[in-house]
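Report on one structure; see the data block that follows.
The values are calculated or read from the model by the stated rules, or taken from the named source; none is laboratory data. It should be emphasised that the depicted structure is a prediction, and the values quoted were computed from it without experimental measurement. Cβ coordinates were reconstructed from backbone atoms using ideal geometry, including for glycine residues, and neighbour counts include every protein chain displayed. Protein only, heavy atoms only, side chains kept; ligands, DNA and RNA dropped before computing areas. Shrake-Rupley method; radii C 1.70, N 1.55, O 1.52, S 1.80 Å.
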Amino acid sequence: MRVLITGSGGQVGLDLIPFLQGRGAEVVASDIVPRPEACAPDVPWEHFDVTNVTEVRGVLERVKPDVVYHLAAILSARGEEIPHVAYAVNQTGTYNMLEACRLLGVPKFIYTSTIAAFGPGLPDPVPNEVSMRPTTMYGITKVAGELLGEYYRAKWGLDFRGVRFPGLINAGVPGGGTSDYALHMYTTGMKRGAYESFCHDDTRIPLMYMPDAVRALVDLADAPRERLRRSVYNIAAMSPTAGEIAESVRGAIPGVQLTFESDPLRQAILDSWPKALDDSAAREEWDWRHEYDLTAMTADMIPKVRAMLDRGLL
Ligand code: AKB
């Protein structure tokens, strides 16, 4: 199976590439940025811009993938600094990819949505199907991408599937998300011995360790179509407060100074998101199960952060 990943240089892509290879896929990576050092040199790397229709079609014609994993996106915090670019990349870029897949007969499209697709005032935990009224450009474009993909599925039979990711944590470089405070407690905490989170210590959002996230994406892609009764699924693992994450990190990195100074803009985004997701549909329809809670994540992640720091990659 030949797979094209867009946005491969981002936080998810760099972990998704080896995971898919481990499952036997022939992976072609792609991004608007050059291949990062963390990506193995033998992975083919296509350089293109998802907002450019000609480049999008050219890549799909060359690669001829069986599946596209569409990760290219501007995340929530960065998206509020440059909303017009976020619209172009997330909205137009997703449309360009879907349309090129239709025209060139790519059969399957895997989409990454997010907790940011939800807005304030929803039940806790948030059900899979609910009114979606996000407050950020990132969230708005992600809801639109979900709907567009469902349209392509209904009208043209494109096998469109997606997950709504919680904030993701790994031993990597975050990419402009509002959930990045959680990751920085580990990475910046270890690198500098201190990190000040830009939120209150009682801030609680759904979070997930990256190995669970990439497995979820690939398990959904591989699930038998006849079992799936919808296109896009909530997935959940844990919802610790920022203070609880700090406690876990303090237990693993002795002496680390973790403090909290809320930034009003990013705090408002975090407060507009769900505190927890109901992922029962994913559990029933394609057997989704998370593996890592906060304790297991911290134990697994600390040596990986150390190894990345030793290699100069963080
Ligand atoms: C962000 O913070 O924007 C992302 C997300 C929750 O989708 N990590």
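Quick notes
- Conditions (1) more than 13 Å from the ligand (Cβ to nearest atom); (2) in the same structural domain as Val12 (by TED's automatic domain parsing); (3) touching a residue at least 60 places away in the same chain (Cβ under 8 Å); (4) over 20 Å from Asp279 (Cα atoms); number of the one not met by Lys191: (2)
- Filter pass, Pro83 being over 15 Å from the mean Cα position of the chain (by Cα) and open to solvent by less than 30 Å² (accessible area, probe 1.4 Å): no
- No other residue among Gly105, Gly119, Gly145 is more than 20 Å from Thr6 (Cα to Cα) and not aliphatic (A, V, I, L, M) apart from Gly119.
- Flag if Val163 is in contact with a Pro (Cβ under 6 Å, 6 or more places away or on another chain), crowded, with 17+ Cβ neighbours inside 10 Å and closer than 27 Å to Met210 by Cβ: no
- Residue match in region 195-212 (condition: within 13 Å of the ligand (Cβ to nearest atom) and closer than 16 Å to Leu71 by Cβ): yes
- Subset of region 1-59 that is among the basic types (Lys, Arg) and not in a loop (DSSP other than H, G, I, E, B) - its residue that is most open to solvent (accessible area, probe 1.4 Å): Arg57
- Taken over region 162-200, the criterion of being among the hydroxyl-bearing types (Ser, Thr, Tyr) and over 30 Å from Glu129 (Cα atoms) is satisfied by Tyr186, Thr187, Thr188, Tyr195, Ser197.
- Exactly one residue among His47, His84 is under 22 Å from Ala144 (Cα atoms) and of a type outside the set (A, V, I, L, M, F, W, C), and that residue is His84.
Residue-by-condition table, conditions (1) among the aromatic types (Phe, Trp, Tyr); (2) closer than 25 Å to Ala77 by Cα; (3) in a loop (DSSP other than H, G, I, E, B):
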position: Asp202; (1), (2), (3): no, yes, yes
position: Leu220; (1), (2), (3): no, no, no
position: Glu226; (1), (2), (3): no, no, no
position: Pro254; (1), (2), (3): no, no, yes
position: Lys275; (1), (2), (3): no, yes, yes
position: Glu285; (1), (2), (3): no, no, no
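- Test: residue in region 114-127 that is open to solvent by 70 Å² or more (accessible area, probe 1.4 Å), within 19 Å of Ile205 (Cα to Cα) and in contact (Cβ under 8 Å) with a residue 40 or more places away in the chain: yes
- Region 256-273: number of residues that are in a helix (DSSP H, G or I), in contact with a helix residue (DSSP H, G or I) (Cβ under 8 Å, 6 or more places away or on another chain) and open to solvent by 30 Å² or more (accessible area, probe 1.4 Å): 2
- The residue list Tyr233, Tyr292 contains one member that is closer than 18 Å to Pro127 by Cβ and either in contact with a Ser or Thr (Cβ under 9 Å, 6 or more places away or on another chain) or among the hydroxyl-bearing types (Ser, Thr, Tyr) (or both), which is Tyr233.
- Residue match in region 8-25 (condition: free of Cβ contacts under 8 Å to residues at least 40 places away in the same chain, charged (D, E, K, R) and in the same structural domain as Val89 (by TED's automatic domain parsing)): no
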